[in-house]
Structures are given as structure tokens and as C-alpha cells.
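In what follows, a single structure is set out as C-alpha cells and then discussed.
The values are calculated or read from the model by the stated rules, or taken from the named source; none is laboratory data. In this text the structure is predicted, and so the values were computed from the model without any measurement. All Cβ positions, glycine included, derive from the backbone under ideal geometry; neighbour counts span all protein chains shown. Heads up: the accessible areas ignore ligands, DNA and RNA and are worked out on the full protein's heavy atoms, side chains in. Shrake-Rupley method; radii C 1.70, N 1.55, O 1.52, S 1.80 Å.
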Amino acid sequence: KIHEIGKNVKSAIPIEDYAKVPLKFLLISDYAGHGKTVALKNISMQYKVNFPEKWIQFIDLKSHFDAYEGSKKELLTLDDISNFLVDKILKLKDFEAEVFSGLFKTGNVILIFDGVDEISPAFNQFVSKLFKLIHDSSKNHQVVSTRPECSKELESLLNVKAYKLKPFGQYKRRMFIEKCLSSQNLNEEKLKERLDQVNDWVTKISQGRSGR
């Protein structure tokens, strides 16, 4: 699905517009199967284009249970957080570890955390505290996805409002696909043929999801 995001359906704007000026903490809340992971990966790609000087990191939270369970030291300082991310989550070494740590301390990292709702409830407090510490003690940006039933605690903890996903309507979807295909230097007839094929394919996928 191709998405817009907003605090409600009426205020939704394209994802790439949010990626031009990152919010310090962007919380995306929607139900399973609505495309949160795809939306976060799209945001990640847009950030990399718009901010080549920053470290953009996509993190699948459910892949790091061992890090949460094995972290016996309480995270209190910016150095604690940086070391935890470098050693336990990203597993960086030598030069990469130094670069990340330097950028993190100067607020030049955008962390994209996917799937708060997919981690064990035993680790919710640890992960929520991690978000809070990064938010309060640094200038780094965070994007976090979860389901509505899990978002209220984060909204309260970080004093933010969750954003919802809104799939493109048929017209906006067609315009978006046409914009993507235009870079392939197709003639007008071939462009229309390819556009119809892709649009039909996306429509069938969307209908299949809505019928579940």
C-alpha cells in the first residue's frame, strides 16, 4: 500500500512530506496488516535521501529479545544508551562504532523502531524507557510503530499524539505510480500500458486485504 499519515484521516499528508522535516518523536499507530512496516521503510528511504549527513537506522524490535533480556546495566546516561545501541542492537565494531557514537552524541541519528506491539510484554517497560531516555537526553529523532491498543502508554509517556495511516485513494495512487514510472523513459503508449498493469495489480492486492 502507498500511504499518507496524519493525526486523523482529514489531516493526512504524504509520507515524504513528513520526511522533509523530521518530528523528534513520530509515533505511528495502526492495526495489523495495515502496512506499518512498509510505511516505516518508506520513511527510512526518504530520510536517507533528504539527510545524507545523518545515520538512518531501521530496527526491527522483535529481533532483539536477547539484548533486552541480557542488559543488566540500567541505562541512565547518553553514553549508556549509545553503548547499548552499538553493542547490543547494531553490533557495530571499530570505525562504524565510533562514527555512530559521534553522530548519536551530536543528535545526528534517526532511529526507526518497528513493532512495539510485537515484543514480549516483559520487555515493554525497558523499550519504553529507552525511547524516553533518547527523547529527553538527546537531539536524535525517533520513529516508532505500534498498534492502537499499545499506543496510549507511549502517547502519555512522551506527550505525543499517535499518527494513523491512510492508504492512497485510486487517483493519488495512480498519480504516484505514474510519477515513479516516468523515470523509465517509456513512450506514452508503453507508459499507459505499464501504468494500467501496476494499478490493477495494486487494486487487487488492496481488495484482497480488505476482504480478509
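Observations
- Pair list, Cβ under 8 Å, 6 or more apart: the stretch 121-137 residue charged (D, E, K, R), other residue open to solvent by 40 Å² or more (accessible area, probe 1.4 Å): Lys132/Leu157
- Gly35 vs. criteria at pLDDT below 90 and either within 21 Å of Val160 (Cα to Cα) or not aliphatic (A, V, I, L, M) (or both): yes
Residues checked against (1) open to solvent by 70 Å² or more (accessible area, probe 1.4 Å); (2) modelled with pLDDT of 75 or more; (3) more than 30 Å from Pro121 (Cα to Cα):
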position: Ser151; (1), (2), (3): no, yes, no
position: Leu157; (1), (2), (3): no, yes, no
position: Lys161; (1), (2), (3): yes, yes, no
position: Lys166; (1), (2), (3): no, no, no
position: Tyr171; (1), (2), (3): yes, no, yes
position: Arg174; (1), (2), (3): yes, no, yes
position: Asn187; (1), (2), (3): yes, yes, yes
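- Residue match in the stretch 96-110 (condition: in contact with a Cys (Cβ under 6 Å, 6 or more places away or on another chain) and open to solvent by 20 Å² or more (accessible area, probe 1.4 Å)): no
- Flag for Leu90 being over 22 Å from Lys36 (Cα atoms), at pLDDT 90 or above and either more than 18 Å from the chain's Cα centre (by Cα) or open to solvent by 10 Å² or more (accessible area, probe 1.4 Å) (or both): no
- Selected residue (criterion: nearest to Leu103 (Cα to Cα)) from residues of the stretch 52-71 that are of a type in the set (Phe, Trp, Tyr) and open to solvent by 30 Å² or more (accessible area, probe 1.4 Å): Trp55
- Check on Gln142, part of a helix (DSSP H, G or I), modelled with pLDDT of 70 or more and on the phi < 0 side of the Ramachandran plot: no
- Residue in the stretch 65-87 that is modelled with the highest pLDDT, counting only those that are under 12 Å from Val127 (Cβ atoms) and of a type in the set (Ser, Thr, Tyr): Tyr68
- For the stretch 43-85, filtered to residues that are among the small types (Gly, Ala, Ser) and more than 22 Å from the chain's Cα centre (by Cα), the residue that is nearest to Lys20 (Cα to Cα) is Ser71.
- Close pairs from the stretch 20-38: first under 18 Å from Ser128 (Cβ atoms) and polar (S, T, N, Q), partner in a loop (DSSP other than H, G, I, E, B) and open to solvent by less than 60 Å² (accessible area, probe 1.4 Å), Cβ under 9 Å, at least 6 apart: Ser29/Ala162
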